[in-house]
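Only one structure is covered here, and it is reproduced in the block below.
Please treat every number below as a calculation from the coordinates, not as lab data. Because the structure is predicted, anything quoted here is derived from the model rather than measured. Quick reminder, even Gly has a Cβ in these numbers, built from the backbone with ideal geometry, and neighbours come from all protein chains shown.
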Amino acid sequence: MEIEGYRYKSSITNDILAADIIISHAGSGTMLQTLRLSKKLIVVVNEALMDNHQYELAQAMDEKGYAVLSEISDLTGTIQTISQCNLVPFPDANETLFGSIVDQHIGL
């Protein structure tokens, strides 16, 4: 198993495409990008955050079967078992939904 890690990189798209499994913090941008590229995602929440909004998002994605939520202490086991997980494909974005809701509310 080859592992590459970094704190920040301006573009991670090529890295995500080349990987079989992504281990990430629970930032919405990274999570959505990974899921939209149909990659298996393990999410490790940064517990040092004050309101822990990352946990709420990660838990929701885990409960819906899109990703696997793991604590850092369980990460080794999660890596070993994720290949057997049948994760749910993340739905495509509906780019017209917001506009149609606004149109409906203003009477168009």
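Assorted remarks:
- Whole-number Å³ per residue for the convex hull built on Cα positions in the chain: 144
- Lys/Arg +1, Asp/Glu -1 at C-beta; the chain dipole; positive extreme among 29, 10, 104: 10
- Other residues lying with their Cβ under 12 Å from the Cβ of residue 39 contribute a combined charge of 0, Lys and Arg counting +1, Asp and Glu -1.
- Label-point separation, residue 36 to residue 2 (7 Å along Cα→Cβ), nm: 2.6
- Sites residue 72 and residue 14 - FRET efficiency at Förster radius 30 Å, r taken between beta-carbons, to 0.05: 0.70
- Extension gain from residue 105 to residue 85, taking 0.36 nm per residue of separation minus the Cα-Cα distance: 3.1 nm
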